[in-house]
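Accompanying notes for the structure given below.
The values are calculated or read from the model by the stated rules, or taken from the named source; none is laboratory data. No experiment lies behind these values; they were computed from the predicted model shown. Cβ placement follows ideal geometry from the backbone for every residue including glycine, while neighbour counts extend to all protein chains displayed.
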Amino acid sequence: MEVREKPIAELQAAMTAGETTALEIARSFLERIAAIDAGGPALNAVIEVNPDALEAAAELDRERRERGPRGLLHGVPVMVKDNIDTGDRMQTTAGSLALAGNVAPCDAGVVERLRAAGAVVLGKTNLSEWAYFRSTRGCSGWSSRGGQTRNPYALDRTPSGSSSGSGAAVAAGLCAGAIGTETDGSIVSPSSANGIVGIKPTVGLVSRAGIIPVAPSQDTAGPMARTVADAAALLTAIAGPDPRDEATAQAPTLDYTQFLDPHALEGARLGVARDCFGRHEAADAVAEAALGALRSLGAEIVDPVEVGRERMNGAPEIELMLIEIKAGVDAYLADHPRAGVRSLEEVVAYNRLHAERVLPYFGQELLERALVDGVVSDARHREVRETCLRLARDEGIDRALAEHGLDALVAPTQVPAWAIDPIDGDKRLGGCATPAAMAGYPHVTVPAGYVHGLPVGLSFFAGPYAEGRLIGFAHAFERATRVRRRPTFRARAV
């Protein structure tokens, strides 16, 4: 069967009806990966294919025949980002050659839950090396292990980062859905650039155990899919408590597909975060058209609203990442004996020794700074974290929601995808990811329009554990507008 654009519910229905099997679906996706990712347009979105995927799919078919399906994801092929542990024969490297050979001793919490739901882990996706926290002049979608991922809408354009491979793989129909990770923008940015749906959950809703960290205060995994319904199904599978991550102790376990209400926008009060506009006039025009659609669907639009985006730029958040990444990576490597390096200091040394392969285009200034700035007092760490929360919550999202009586905030997710430039680095013009990222709050992006054929997303964000509400808003908008169209793998955007 043709699998590349099939929603998860349709794949499940076809298996239930006996029209296809998990084995046939997995094989079809693997054939498409060979034709589109490794060959053809050569997207380079997949860093490694699971050598046991077909065996796992066949076993799930046997289970279906004997006991019935576990749920909506039974037999459905999903990709995970290459900073997420899989307790199988695949490596987990964050795209870094320094971590080559790191075969994890067990599944990350999110992978454990995916497998429990019956998903087939089809492979690992490429990413911006070290989740884009290596250089101040990085190139999204490039890693020393995986090379450069390309945007399926225009091959000369960025897939954005750091979950770049996950975004490109989903958009190109190489899997039914994928899991990305975000510290600030790394789910919603590539989702917008690749014309798909991304959900950055509340920090603590999804386990971070077994994920190579940047800043645990802001890190989270989340779903990336072609539709809101598929993203909701994935979130249902991966959300919930994990004893290996104490931040998830109070995480609700919900069926997020229950929020897929086409009438969810009726009576909703949405604030337009105007300080997230002004980066690109064409992206702003897409957002303005989306606001008109939201009004027609019954939403009350409060315009303008300020979330303090400009006050969040710069030092506090970067300092937090510099402080937390050293301790986080060192702790991760201590639990992974098959990794060739044992600390962030050894990672930096490895990169220097193998600079011709690891540092051919840009450096590792951020990792080097973390070796110094990551050694601070607990008091300084608390001070920086409290500053971030004050800016993003007290003076940002919480204030805006309360002051205007809002259900959520909306804004263009980011500008259209910029040209790939490994020599000079990304030409980022900004977006709206930072407020929700610094606050640790949920953020959903959904396709809203195109600029010269390049996708632009519309963002919905709100307070903690508001995922269900945001999913409802995004689903109602998606269902009414039906914006998304398949990528065409053009050589150039213009």
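Below are the figures for this structure:
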{"read-out": "Matching option when the condition is at pLDDT 95 or above, more than 16 Å from Leu291 (Cβ to Cβ) and not in a loop (DSSP other than H, G, I, E, B), among Asp421, Asp398", "value": "Asp398"}
{"read-out": "Enumeration of residues in region 237-252 that are polar (S, T, N, Q) and touching a strand residue (DSSP E or B) at 6+ places or on another chain (Cβ under 7 Å)", "value": "Thr248"}
{"read-out": "Search result, residues across region 82-120 that are crowded, with 23+ Cβ neighbours inside 10 Å and either β-branched (Val, Ile, Thr) or without any contact (Cβ under 8 Å) to a residue 24 or more places away in the chain (or both)", "value": "Ile84, Thr86, Thr92, Thr93, Val110, Val111, Val120"}
{"read-out": "Of all residues making up region 193-220, the number that are among the β-branched types (Val, Ile, Thr) and not in a loop (DSSP other than H, G, I, E, B)", "value": "5"}
{"read-out": "Residue in region 373-395 that is surrounded by the most Cβ atoms within 10 Å (Cβ to Cβ), counting only those that are modelled with pLDDT under 95 and among the hydrophobic types (A, V, I, L, M, F, W, C)", "value": "Val376"}
{"read-out": "Counted residues, region 449-471 - those being aliphatic (A, V, I, L, M), under 24 Å from Thr220 (Cα atoms) and surrounded by fewer than 24 Cβ atoms within 10 Å (Cβ to Cβ)", "value": "1"}
{"read-out": "Verdict on Ile301 being surrounded by fewer than 22 Cβ atoms within 10 Å (Cβ to Cβ) and β-branched (Val, Ile, Thr)", "value": "yes"}
{"read-out": "Qualifying residue in region 121-130 (condition: in a helix (DSSP H, G or I) and either surrounded by fewer than 16 Cβ atoms within 10 Å (Cβ to Cβ) or within 22 Å of the chain's Cα centre (by Cα) (or both))", "value": "yes"}
{"read-out": "Subset of region 17-48 [closer than 20 Å to Glu129 by Cβ and β-branched (Val, Ile, Thr)]", "value": "Val46, Ile47"}
{"read-out": "Verdict on Ala247 being more than 14 Å from the chain's Cα centre (by Cα), over 29 Å from Gly449 (Cα atoms) and not in a loop (DSSP other than H, G, I, E, B)", "value": "yes"}
{"read-out": "Selection from region 437-448 of residues that are more than 14 Å from the chain's Cα centre (by Cα) and surrounded by 24 or more Cβ atoms within 10 Å (Cβ to Cβ)", "value": "Met438, Ala439, Tyr441, Pro447, Ala448"}
{"read-out": "All positions within region 371-425 that are in contact (Cβ under 8 Å) with a residue 60 or more places away in the chain, out of contact with any Asp or Glu (no Cβ under 9 Å at 6 or more places or on another chain) and over 30 Å from Leu270 (Cβ atoms)", "value": "Asp421, Pro422, Ile423, Asp424, Gly425"}
{"read-out": "Cβ-Cβ under 7 Å pairs, at least 6 apart or on other chains, region 334-346 side among the acidic types (Asp, Glu), far side at pLDDT 95 or above and not in a loop (DSSP other than H, G, I, E, B)", "value": "Glu345/Leu371"}
{"read-out": "Search result, residues across region 266-296 that are assigned to a loop (DSSP other than H, G, I, E, B) and either in contact with a Ser or Thr (Cβ under 9 Å, 6 or more places away or on another chain) or not hydrophobic (A, V, I, L, M, F, W, C) (or both)", "value": "Glu266, Gly267, Gly278, Arg279, His280"}
